[in-house]
Amino acid sequence: MTDKAKQDRVLIFDTTLRDGEQSPGATMTHDEKLEIAALLDEMGVDIIEAGFPIASEGDFDAVTAIAKQTQNSVICGLARANFKDIDRCWEAVRHARRPRIHTFIGTSPLHRAIPNLDMDQMAERIHETVTHARNLCDNVQWSPMDATRTEHDYLCRVIEIAIKAGATTINIPDTVGYTAPRESADLIRMLIERVPGADEVVFATHCHNDLGMATANALAAVEAGARQIECTVNGLGERAGNTALEEVVMAMKVRNDIMPYRTGIDTTKIMNISRRVAAVSGFPVQYNKAIVGKNAFAHESGIHQDGMLKNAQTFEIMRPEDVGLSATNLVMGKHSGRAALRAKLKDLGYDLADNQLNDVFVRFKALADRKKEVYDDDLVALMTDSTANVAGDHLQVKFLRVICGTEAPQSADLTLTIDGVDHQVTATGDGPVDATFNAVKRLFPHDARLALYQVHAVTEGTDAQATVSVRLEEDGKIVTGQSADTDTVVASAKAYVSALNNLIVRREKTKPADEMKSVS
Ligand code: KIV
Ligand code: ZN
């Protein structure tokens, strides 16, 4: 092992804003990206991959703004193996205190066939582009995309070229989530042993989760000498997603006896960022997800509950507080005041300005009037909903009344405010939600296909709020909307309208190179 590979400090490279945001429908707004980047910086992420600057004006602007605002983390942008991409990337990241250019090319036989380059031509391209990147920036990461399906001899050859051209980090992507832990470790070990100059660079691991092994593969790579893990919050990412940040970080912390590595992550910030990423990406966290799932610290069976009361360690390998979950779930109600709400939201990770608090307080009171007890999850849902139906949106739900029951057809009487003007219609459908969606379609005709409609009860009881997620697809583009309400049909209408607002924004955005968003 090289000296670098022997160190116990593992760098955390977060790509939620680039690889994660590429998941169909996970598009975040400019402000949301800035907010997530600030949270990543605050929690101690070493490197933030903020976007793919040449992919669109929006990506470029977001990477530039993140580069300007970030205090500690290295800010990295992605670029394909050509000068134009690399120059554009540099233009965005150069504002950072600590900028990095990340350039990549697919090196496996399948990927070499796409630009139609033979092995020598590709090697030459790698030499030229990494040299160019290094002339601009002294922190350059290079990735052979689909490394785990690249011939070993060729992989060694191109990595050597990239190192000689000035790359400082060599990332080994398992682009299609094909490898397994032992193979992942063997590959890193082989590269560190065989490639001349390996001791001058940091090796990184970037794993996708197609076979559910991304976290295990990343940790195996670390055992073999990789010292940078690429990951996303909640494992967000294309297809089955990426290595989850919270999983690798907590695994190394809880099992430090067998994985004696450390990161710079403040783990108490995990729950907060997980919730925010779920809210802004529109990808709810599955209930039984490790570390951040709603059930990760819930104990239902009598034996478990009994054991927990006697000694929490009987059934918990980490404390909820370690990941920032408040130990007490203080219930709020209609008598709770503004200060209590502010403190509670702060505890949940929402630091609100006065005007934001006023708006949330009004909605909190309305909720508390309908619901006896307002739990943490209700407040998180309320915050999720605060992005739906806001002033400035093209479409807003103004009024909805549905008639439903055993006698068909069910009908919905809906008033939508469209660009400031009220429009009303009554539509029927197969059930109240169908009738409501038909009404929306009558008032705002569109061809977007409903790709997903999902309802979650936030807490228990018949007065529980429902969080509704709606995913729409138009011309291959996917947008999502979310809303929460104690009335499921109202939440559905608002979620649908919120997705349409996102669709309108999406249509307005100029996307000169949308097809480039297909790297994983
Ligand atoms: O999965 C992958 O190969 C990628 C590269 C762009 C690093 O995301
Ligand atoms: Zn990837």
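What number results when the radius of gyration of segment 1-66, computed over Cα atoms, is divided by 2.2 N^0.38 Å?
Ratio of Cα Rg to 2.2 N^0.38 Å: 1.30.
Points 7 angstrom from Cα along the Cβ direction at D463 and N116: gap in nanometres?
6.9
Mind checking which lysines have their C-alpha under 23 Å from K68, skipping anything on the same chain fewer than 8 residues away?
The reachable lysines, counting only those whose Cα sits under 23 Å from K68, are K33, K84, K269, K509.
Quick one: Karplus J couplings for segment 51-65, per residue in order, coefficients 6.51, -1.76, 1.60, θ = phi - 60°, nearest Hz, x for Gly and Pro?
Couplings: x, 10, x, 7, 5, 6, 4, x, 5, 4, 4, 5, 5, 4, 5 Hz.
For K494, go through the aspartates and glutamates and keep the ones whose alpha-carbon is under 15 Å away, minus same-chain ones fewer than eight residues off.
D385, D393, D413, D434, D485
If R₀ is 35 angstrom, what is the calculated FRET efficiency for the pair K334 and L452, using the beta carbon separation as r and rounding to 0.05?
So the FRET efficiency works out to roughly 0.55.
What is the ratio of the Cα radius of gyration of segment 69-112 to 2.2 N^0.38 Å, where N is its residue count, to two decimals?
1.36
Output ³J(HN,Hα) for segment 173-185: one whole-Hz value per residue in order, computed from phi by the Karplus curve 6.51 cos²θ - 1.76 cosθ + 1.60 with θ = phi - 60°, and x for Gly and Pro.
So the Karplus estimates, Gly and Pro as x, are x, 9, 4, 10, x, 9, 7, 9, x, 5, 5, 4, 5 Hz.
With N residues in segment 89-199, what two-decimal value do you get for its Cα radius of gyration over 2.2 N^0.38 Å?
So segment 89-199 has a normalised radius of gyration of 1.06.
Note down the relative contact order for segment 13-111 as a percent, whole number, built from C-alpha pairs under 8 angstrom at least six residues apart.
24
Per residue and in Å³, how big is the convex hull formed by the alpha-carbon atoms of segment 337-419?
Expressed per residue, the convex hull around the Cα atoms of segment 337-419 is 124 Å³.
Within the set of other residues whose C-beta is less than 14 Å from the C-beta of R97, count the net charge using Lys and Arg as +1 and Asp and Glu as -1.
+1
7 Å from Cα along Cα→Cβ at both E200 and V362: what's the point-to-point distance in nm?
6.2
In whole percent, what relative contact order does segment 1-71 give with Cα contacts below 8 Å and a gap of six or more residues?
34
Between D61 and E124, what length comes free when the chain is fully extended (0.36 nm per residue of separation minus the Cα-Cα distance, one decimal in nm)?
19.5 nm
Compute the separation of the alpha-carbon centres of segment 177-252 and segment 354-382 and state it in Å as a whole number.
Going from one Cα centre to the other spans 41 Å.
Hey, what did segment 201-263 get for relative contact order, percent, Cα under 8 Å, at least 6 apart?
31
In 20 Å bins starting at 0, how do the alpha-carbon pair distances of the chain split up by percent?
22, 51, 25, 2
Translational diffusion coefficient, Stokes-Einstein: compute it for segment 324-381 using the Kirkwood radius over C-alpha pairs as Rh, at 10 °C and 1.306 mPa s, and state it as an integer in µm² s⁻¹.
Diffusion coefficient, whole number: 139 µm²/s.
So what are the ³J(HN,Hα) numbers for segment 22-27, from phi and the Karplus equation (6.51, -1.76, 1.60; θ = phi - 60°), rounded to whole Hz, Gly and Pro as x?
Along segment 22-27, the couplings run 6, 4, x, x, 8, 3 Hz.
With a sphere of radius 12 Å drawn around the Cβ of Y261, what net charge do the other residues whose Cβ falls strictly inside it have (Lys, Arg +1; Asp, Glu -1)?
My count for the surroundings of Y261 gives +3.
Starting from the Cα of K6, draw a straight line to each of the lysines and keep only those under 25 Å, dropping any in the same chain fewer than 8 residues away.
List returned: K164, K253.
Can you compute the FRET efficiency between D422 and A353 using 1/(1 + (r/R0)^6), with r the Cβ-Cβ distance and R0 = 41 Å? Round to the nearest 0.05.
With R0 = 41 Å, the Cβ-Cβ based efficiency is 0.85.
Bear in mind that the values in this text are calculations on the coordinates, not laboratory data. Since we're looking at a predicted model, the values are computed, not measured. All Cβ positions, even for glycine, are placed from backbone atoms using ideal geometry, and neighbour counts span all protein chains on display.
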